[in-house]
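Each remark here refers to the structure printed beneath this line.
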Amino acid sequence: MMDVRVAERQTDLEILRYNPEIAGEPKLERYTVPTKTEWCVLDALNYLKDNVDPTLTYRWSCHMQVCGSCGMMINGEPKLACKAMLRDYPGVIRIEPLAHFPVERDLVAVADDFLAKLKRVKPYLIPLEKRLPEDGEYRQTPAQLKRYRQFAMCINCMLCYAACPEYGLHPKFIGPAAISLAHRYNRDSRDGGRDERQEEIATAEGVWECTFVGACSEVCPKHVDPAAALQQVKVASTVDWYLEHFMSWVQK
Amino acid sequence: MSRYPYVREVSPTTWYFRAPRYMRYMTREVTSIFIGIFTVIMLVGLSRLSEGQAPYEDFLAALNNPFSVIFLFLALAFALYNSFTWFNVAPKAMPIQVGEELMPDIVVAGGHYILWAILSVVILIWAGIF
Amino acid sequence: MAKSNKPIIWGAFAAGGEAVSLVAPAIILLTLLAAIGRVPPGLSYEQMHSFAAGWFGKLVLFAIVFLSLWSQAHRLRITCFDFGLRADGLVATLFYMLAGAASLWLILILGNI
Ligand code: SF4
Ligand code: FES
């Protein structure tokens, strides 16, 4: 007898639907779709959109955990729909747009706030020394790369914002991913932009809104560990503060 | 294009019931109530100590009642919880790079646990427990 | 937005968190033993007094109590906010003033031993 590796099942989905064209609150709708065990939640949503309800709206692009666009709440947890496997969800699967963000339509969260914050922290290389092409490339040793590599893995999926209660409570908080990316460039040996970034992240709305809940690191699909980045920014900003004030007392 | 984003409010008073990890976080924060009160008890004890032998011995005698036993028992449990959460996350704030490699978290956390064990034994020996 | 002055408190919070995590369980255990009527020799008047009378003992007691005061005050402030008490400025002023007053008291006490 042959072992059947790919089983089929009927999967019940409860999806939060919101239509901005019609006044009213988002409502959970129930659907049942035929699925295969090795599907991810995104496959089930695609089946639903292609075969049952073409108006269902959600974001996705890569289907392989690199574009960061399919973040949603799956049974209350922030997850990438393309990484959440159906076999890990035996019962009804409740799918909602990412927490803490406004809802644009159905499962689409409004990302404007995060994108504006990302821009503010200058997440790009601000070269320490200006080099012309004829001067050759910026060189970096493997040890220097390791200093920031983990923080460079972020795919801007915003799962950490949906997990962070402090972001939910104070929407002005610059938040885990943006501060981690600022930290990623601050730790880059080729970069000289830390002072500019500190003006944004060493503020009350920046790293000091963080109370080290640690939820961001638990949900991050790329093991960026934003909570670690933020604690390191706090330590460095504290050293800065004592040095700046001590220096100005010494000079008086 | 007009947009009508729907905002879901977060409850400022009950948000932490939403996920177990939030409850674990709040437990860690609540340790400050117990350790804070214990710190005040230490201050009062030191103050009685500065007043002389009789007031200090009265202070020790006053501790001997069911309420303070229950409180201190809870304070001990919360202090232990605080210590574990603190040591487990200590490596995050201070990454150590030796040569090319970043030290695994377990090394820094383990260092804290060892120091904790040594200090606790030193305190207990000093107090004549062993 | 201006850089924050939080570091002055956070520095004490972090140092206090470290100190408290390392020594609080042992100290509370000793106090618990005293509370159930088995006062450990270390908590007797003679040993405590001779410890607190020396400069080393004073330094240790000052460091533990002072750092613990500030780190618990800071964490209590955040705890109030997290439970939904939104008057953060008021709460912060209150707890930091209490910690400041208690620190002064601690200095006076240790000076008197
Ligand atoms: S830090 Fe992690 S969870 Fe946050 S946006 Fe980046 S990849 Fe997503
Ligand atoms: S579709 Fe790209 S990360 Fe899921």
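The values are calculated or read from the model by the stated rules, or taken from the named source; none is laboratory data. Just so it is clear, the model here is predicted, and its values are computed rather than measured. Cβ sites come from the backbone with ideal geometry, for glycine too, and all protein chains shown count toward neighbours.
Per-structure values
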quantity: Among the residues listed as A:131, A:94, A:120, the single one being farther than 25 Å from residue A:182 by Cβ and more than 15 Å from ligand 1 (Cβ to nearest atom); calculated: A:94
quantity: Selection status of residue C:60, more than 7 Å from every other protein chain (Cβ to nearest Cβ) and β-branched (Val, Ile, Thr); calculated: yes
quantity: Residue within region A:101-114 that is crowded, with 22+ Cβ neighbours inside 10 Å, without any contact (Cβ under 8 Å) to a residue 60 or more places away in the chain and within 16 Å of ligand 1 (Cβ to nearest atom) present; calculated: yes
quantity: Members of region A:134-161 that are surrounded by fewer than 16 Cβ atoms within 10 Å (Cβ to Cβ), away from ligand 1 (no atom under 16 Å from the Cβ) and either within 28 Å of the chain's Cα centre (by Cα) or at pLDDT 95 or above (or both); calculated: A:140, A:141, A:142, A:143, A:145
quantity: Filtered residues of region A:162-178 (kept if within 14 Å of chain B (Cβ to nearest Cβ), touching a Phe, Trp or Tyr at 6+ places or on another chain (Cβ under 9 Å), more than 7 Å from ligand 1 (Cβ to nearest atom) and assigned to a helix (DSSP H, G or I)); calculated: A:162, A:165, A:166, A:167, A:168, A:169
quantity: Hits in region A:220-252 - residues which are within 16 Å of ligand 2 (Cβ to nearest atom) and either without any contact (Cβ under 8 Å) to a residue 40 or more places away in the chain or surrounded by fewer than 23 Cβ atoms within 10 Å (Cβ to Cβ) (or both); calculated: A:221, A:222, A:223
quantity: Residue pairs meeting the criteria (Cβ under 9 Å; at least 6 apart or on separate chains; first closer than 17 Å to residue A:147 by Cβ, in region A:171-182; second among the polar types (S, T, N, Q)); calculated: A:181/A:156; A:182/A:198
quantity: Qualifying residues in region C:39-57 (those that are facing chain B (nearest Cβ under 10 Å) and not hydrophobic (A, V, I, L, M, F, W, C)) - the one surrounded by the fewest Cβ atoms within 10 Å (Cβ to Cβ); calculated: C:46
quantity: Selection from region A:137-171 of residues that are closer than 21 Å to residue A:70 by Cα and β-branched (Val, Ile, Thr); calculated: A:155
quantity: Pick from region C:77-96, criterion hydrophobic (A, V, I, L, M, F, W, C) and under 17 Å from the mean Cα position of the chain (by Cα), ranking: nearest to the other protein chains (Cβ to nearest Cβ); calculated: C:78
quantity: Residue in region A:197-211 that is within 11 Å of ligand 1 (Cβ to nearest atom), modelled with pLDDT of 95 or more and within 12 Å of chain B (Cβ to nearest Cβ) present; calculated: no
quantity: Where residue A:107 falls short, out of the listed (1) out of contact with any strand residue (DSSP E or B) (no Cβ under 6 Å at 6 or more places or on another chain); (2) within 16 Å of ligand 2 (Cβ to nearest atom); calculated: (1)
quantity: Of all residues making up region A:45-72, the number that are near ligand 2 (Cβ under 10 Å from one of its atoms) and of a type in the set (D, E, K, R); calculated: 1
quantity: Subset of region A:37-59 [touching a helix residue (DSSP H, G or I) at 6+ places or on another chain (Cβ under 8 Å) and surrounded by 14 or more Cβ atoms within 10 Å (Cβ to Cβ)]; calculated: A:37, A:39, A:40, A:41, A:43, A:44, A:56, A:58
quantity: When residues of region B:20-32 are limited to those that are at the interface with another protein chain (Cβ under 7 Å from one of its Cβ atoms) and either surrounded by fewer than 15 Cβ atoms within 10 Å (Cβ to Cβ) or out of contact with any His (no Cβ under 9 Å at 6 or more places or on another chain) (or both), the one farthest from residue C:82 (Cα to Cα); calculated: B:21
quantity: Enumeration of residues in region A:179-196 that are more than 14 Å from chain B (Cβ to nearest Cβ) and within 16 Å of ligand 1 (Cβ to nearest atom); calculated: A:181, A:182, A:185
quantity: Enumeration of residues in region B:2-19 that are hydrophobic (A, V, I, L, M, F, W, C), under 24 Å from residue A:110 (Cα atoms) and away from chain C (no Cβ under 11 Å); calculated: B:7, B:19
quantity: The listed residue being over 26 Å from the mean Cα position of the chain (by Cα) and not in a helix (DSSP H, G or I), out of A:12, A:50; calculated: A:12
quantity: Total residues in region A:45-74, condition more than 16 Å from ligand 1 (Cβ to nearest atom) and farther than 20 Å from residue A:162 by Cα; calculated: 13
